[in-house]
Amino acid sequence: IDERAGHALLARISRAKKPYQAMISTAQAQVSRLTDRTAALSPAHAMLLLGVTTMVGAVLRLHLLAARSLWIDEAASVTFATLPGKAFLKVLWGYQGNMALYYTFLHGWIHLGDSEFAVRSLSVLFGVLTIPAIYLLGARLFDRATGLTAAALLSVHSFHIHWSQETRAYSLLILLLVLTCYVLVVALESTQEMRYWMAFSVLAALCVYAHVFAILVLAALVLGIAFPRPFRVEAPTIVASAAVFAFLCEPMAAFVVLQHADQLNWVPRPSLADIYEFLKLLTGMGGVLAVVVY
């Protein structure tokens, strides 16, 4: 709720009967706090700061983009993307259905060039677009200051910068997941407007085609739909949204069931040392202290 809409809502509620007086008092306090927090950060200032933050994120992701040669997974991405149409589709179905959406984007993008800089710049684009996307999510959930804080943190996030410089699907996945969360919030606030729920279903399906493990994040969003307070979601809305999502994901489900059985056999059973190395990666390789602090 923004400041103007908040005051308009208060004006309507204030004309209601006495049982709503407690609600009026609570809403007045919330709008008063909102007014105090946003008074010093106008939309124009927020957009200016977001633009600077996004440019900083872009510079960091473009820095030394072509300094390293393609490693084996990146080379595989480029190889798949350069295949002609029929062979490309055959590879997707027979072996590389996971990340299919990214390979499809790269299949078109690679016509711009096949150097390290050219092929990695697609991931950079997705990574940079995630910065304003996470601002929109933070501003929608809380306020503009929160959105800017989220954008600033992401712009310098070493793990996100690293994977925004790889010819892989991970920066696309994060972008789609942020947009999916944003559309879900809009849908919950929309009083059952079906177009937002359909948009949520389509974006959620695209997340799965970006990487099948997106289903783990989507499962968390399902909990938000199952327990939507203070919002209310009608059962027909949930059923319709789930049906669209299931229909769109049928090809990926078929791939996972029929073709993907041996895709994870190379992953070793994780040891405590592996888990520690994973935590170091999430903390930007900051060492023991950073792992303990996090």
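Scanning the range 137-168 for residues being over 15 Å from the mean Cα position of the chain (by Cα) and within 30 Å of Ala76 (Cα to Cα) gives a total of 7. Of all residues in the range 31-55, exactly one satisfies the criterion of being open to solvent by 40 Å² or more (accessible area, probe 1.4 Å), under 19 Å from Leu137 (Cα atoms) and at pLDDT below 65, namely Arg37.
Which residues, counting only those in the range 107-126, are of a type in the set (Phe, Trp, Tyr) and within 13 Å of Arg68 (Cα to Cα)?
Going residue by residue through the range 107-126, those that are of a type in the set (Phe, Trp, Tyr) are 109, 117, 126.
Once the filter is applied, which keeps residues that are of a type in the set (Phe, Trp, Tyr) and within 13 Å of Arg68 (Cα to Cα), the range 107-126 yields only Phe117.
Quick one: which residue in Ala76, Ala118 is open to solvent by less than 20 Å² (accessible area, probe 1.4 Å) and without any contact (Cβ under 8 Å) to a residue 40 or more places away in the chain? Residue meeting the stated conditions: Ala118.
So which residues in the range 236-294 are of a type in the set (Asp, Glu) and part of a helix (DSSP H, G or I), if there are any at all? If you could, list the steps in order and put the result at the bottom.
Taking the range 236-294 first, the residues of a type in the set (Asp, Glu) are 250, 262, 274, 277.
Matches in the range 236-294: Glu250, Asp274, Glu277.
Reported count of residues in the range 142-189, each being among the small types (Gly, Ala, Ser), closer than 28 Å to Trp71 by Cα, in a helix (DSSP H, G or I) and out of contact with any Lys or Arg (no Cβ under 6 Å at 6 or more places or on another chain), is 3. Being farther than 18 Å from Leu176 by Cα, out of contact with any His (no Cβ under 8 Å at 6 or more places or on another chain) and either open to solvent by less than 70 Å² (accessible area, probe 1.4 Å) or modelled with pLDDT of 95 or more (or both) is true of Ala253. Just one of (1) in contact (Cβ under 8 Å) with a residue 40 or more places away in the chain; (2) open to solvent by 20 Å² or more (accessible area, probe 1.4 Å) fails for His111. It is (1).
Go over the candidates Leu136, Leu175, Leu154, Leu92 one by one and state the one that is of a type outside the set (Gly, Ala, Ser), in contact with a helix residue (DSSP H, G or I) (Cβ under 9 Å, 6 or more places away or on another chain) and surrounded by fewer than 20 Cβ atoms within 10 Å (Cβ to Cβ). Can you show your working first?
Working: Leu175 fails: surrounded by fewer than 20 Cβ atoms within 10 Å (Cβ to Cβ); Leu154 fails: surrounded by fewer than 20 Cβ atoms within 10 Å (Cβ to Cβ); Leu92 fails: surrounded by fewer than 20 Cβ atoms within 10 Å (Cβ to Cβ).
Residue meeting the stated conditions: Leu136.
Can you tell me how many residues in the range 200-225 are assigned to a loop (DSSP other than H, G, I, E, B) and open to solvent by 30 Å² or more (accessible area, probe 1.4 Å)?
At the first step, the residues of the range 200-225 found to be assigned to a loop (DSSP other than H, G, I, E, B) are 211-213.
Filter again for open to solvent by 30 Å² or more (accessible area, probe 1.4 Å), leaving 213.
The number of residues fulfilling the criteria is 1.
The values are calculated or read from the model by the stated rules, or taken from the named source; none is laboratory data. Treat the numbers as computed from the prediction; the structure is a model and nothing was measured. Positions of Cβ are generated from backbone atoms using ideal geometry, with glycine treated the same way; all protein chains shown enter the neighbour counts. Accessible surface is based on the protein model in full, side chains and every heavy atom, while ligands, DNA and RNA are left aside. Shrake-Rupley method; radii C 1.70, N 1.55, O 1.52, S 1.80 Å.
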